[in-house]
Amino acid sequence: MILNSRQQLSRPVFINDKIVFNAHFNGIDNIYAIDPTSKKITAISASKYGAFNPTESSDGKIIFNDYKINGYEIAETNITEKPVAENNFVDFSAAAEKQENVGNVFDNIPDSTYQSKRYHQALNLFSIHSIIPVIDNEYVFGLELQSNNLLNTMDFYSGAKYHRDLKRFEYTADISYKALYPVFSVLYRNRPKRTFYRAKNVVQQGDWRENYIKLNASLPLSFNARNENYAFTLNAATSFTQRYMPENMPSNFNRELKFPMEYNFTFNHSVRTTERDIAPKWAQVFRVTYDHQPFDKNLGEKF
């Protein structure tokens, strides 16, 4: 009925013996009518900013949304057909098309042959792609090297941070392997530490460095029922801490923390209100953590 053209035609409805619809023949979205017999198109509205969603009223008029400076308004007018106005549409793509017009790109399609070969996962665990700045707080900042392999089963992060208050550097490395279930991760920190303690009724400052290694196993499980999202995570972790280079520390300073155990269970529930709801307003997080020290009786436990 209408020849192929660059028009966005929408919301067709029968009013009397005509088909009324939305288009932008004059460069602005307006309401038009077409005679199915003669194929003649006439203008019903001439809105300055746009007219949409035509509907016939009970008294033979037309009701539509008229877009104004403050948004959409409901408008009513008599059905009066006028000639289609001159098209004043500004085609911003014309200049780019003229510049990029080098002929039909399908006339010269490169004919390349790619050979498939076996993918060795063990030889492709690392794929470094970024060096990013890291700012933990106003005192700690640095750079981090990031790597994710092609299958996204191996994550590796390594970096260096400067502690402005301690005037010392911290060195970090993290590896996470997600091809197995549970997910295993190893974290390493070589970091400076500072504490304050009371000795002989005087507050003392003590400093040291430490090597900290943590092994974590995680069992994540998530599912959804319509717009209800549920996530369960069970974690078990242990670590080893070796402290060295103590400065002004007491004689009973503990130089090693041997394999404390940490157990964690987390439940998340959220209700998604829209398809692109990134941060739902209604959600619950329930977390239980139990820490204990089975290999060192000098330290206690925490729940």
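Counting only C-alpha contacts under 8 Å and six or more residues apart, can you give the relative contact order of the chain as a whole percent? Reported as a whole number, the value is 7 percent. Beyond 22 Å, what share of the Cα-Cα pairs of the range 210-295 remains, rounded to the nearest whole percent? Across the range 210-295, Cα pairs with separations above 22 Å total 51 percent. In this structure, the amide hydrogen of Val84, modeled 1.01 Å from its nitrogen in the peptide plane, lies closer than 5 angstrom to those of Ala43, counting only residues at least 5 positions away or on a different chain. Across the accessible surface of the range 69-143, with the other protein chains kept in place and a 1.4 Å probe, carbon and sulfur atoms take up 54 percent.
Taking Rh as the Kirkwood radius computed over C-alpha pairs, what is the Stokes-Einstein D of the range 1-121 at 4 °C in a medium of viscosity 1.567 mPa s, expressed in µm² per second?
Details: Rh = 17.6 Å.
D, rounded to a whole number, is 73 µm²/s.
Treating the Cα atoms of the chain as identical point scatterers in vacuum, please give the log10 of the normalised Debye intensity I(q)/I(0) at q = 0.07, 0.11, 0.12, 0.15 Å⁻¹, two decimals. These q points yield log10 I(q)/I(0) values of -0.66, -0.94, -1.01, -1.26.
I'd like the distance separating the alpha-carbon centroids of the range 191-250 and the range 85-132, in whole Å. Measuring centre to centre over Cα atoms gives 46 Å. When the accessible area of the range 173-297 is computed with all protein chains present and a 1.4 Å probe, what percentage of it is carbon and sulfur? Here it works out to 58 percent.
In square angstrom, what is the accessible area per residue of the chain with a 1.4 angstrom probe? Please list the in-between numbers first.
Numbers: 21940 Å² over 303 residues.
Value for the chain: 72 Å² per residue.
Phi angles of the range 66-73 translate, via the Karplus equation with coefficients 6.51, -1.76, 1.60 and θ = phi - 60°, into HN-Hα couplings of 9, 7, 10, 5, 9, x, 7, 10 Hz per residue; Gly and Pro are given as x.
Of the residues Asn53, Asn201, Asn124, the one that moves most in a GNM of the chain with alpha-carbon contacts below 10 Å is Asn53. A simple spin-label model places pseudo-atoms 7 Å from Cα toward Cβ; at Tyr171 and Asn201 they are separated by 4.5 nm. Residues considered: Asn87, Asn254, Asn216. Largest GNM mean-square fluctuation over the chain, using C-alpha springs under 10 Å, is found at Asn87. Karplus-based coupling profile of the range 205-210, in residue order and whole Hz: 10, x, 10, 6, 10, 8, with θ = phi - 60° in 6.51 cos²θ - 1.76 cosθ + 1.60 and x standing for Gly or Pro.
Here the Karplus curve 6.51 cos²θ - 1.76 cosθ + 1.60, taken at θ = phi - 60°, turns the phi angles of the range 212-220 into couplings of 10, 10, 10, 10, 10, 10, 10, 10, x Hz, with x standing for Gly and Pro. Over the chain, DSSP H runs of length four or greater, each weighted -39,500 (n - 2.57), average out per residue to a 222 nm ellipticity of -500 deg cm²/dmol.
Given the pairs Lys18/Lys68; Lys18/Lys82; Lys161/Lys258; Lys200/Lys258; Lys18/Lys39, which are separated by over 20 angstrom at their Cα positions? Walk me through the numbers on the way to the answer.
Values: Lys18/Lys68 27 Å; Lys18/Lys82 14 Å; Lys161/Lys258 26 Å; Lys200/Lys258 29 Å; Lys18/Lys39 10 Å.
With Cα atoms farther than 20 Å apart: Lys18/Lys68; Lys161/Lys258; Lys200/Lys258.
When the chain is treated as a Gaussian network with alpha carbon springs shorter than 10 Å, the biggest mean-square fluctuation among Ala173, Ala122, Ala94 belongs to Ala94.
Hydrodynamic radius of the range 109-266 by the Kirkwood approach over all distinct alpha-carbon pairs: 19.4 Å.
The values are calculated or read from the model by the stated rules, or taken from the named source; none is laboratory data. Keep in mind the model is a prediction, meaning the values are calculated, not measured. Backbone-built Cβ (ideal geometry, glycine too); neighbour counts: all protein chains shown. Only protein heavy atoms, including side chains, enter the accessible area calculation; ligands, DNA and RNA are left aside. Shrake-Rupley method; radii C 1.70, N 1.55, O 1.52, S 1.80 Å.
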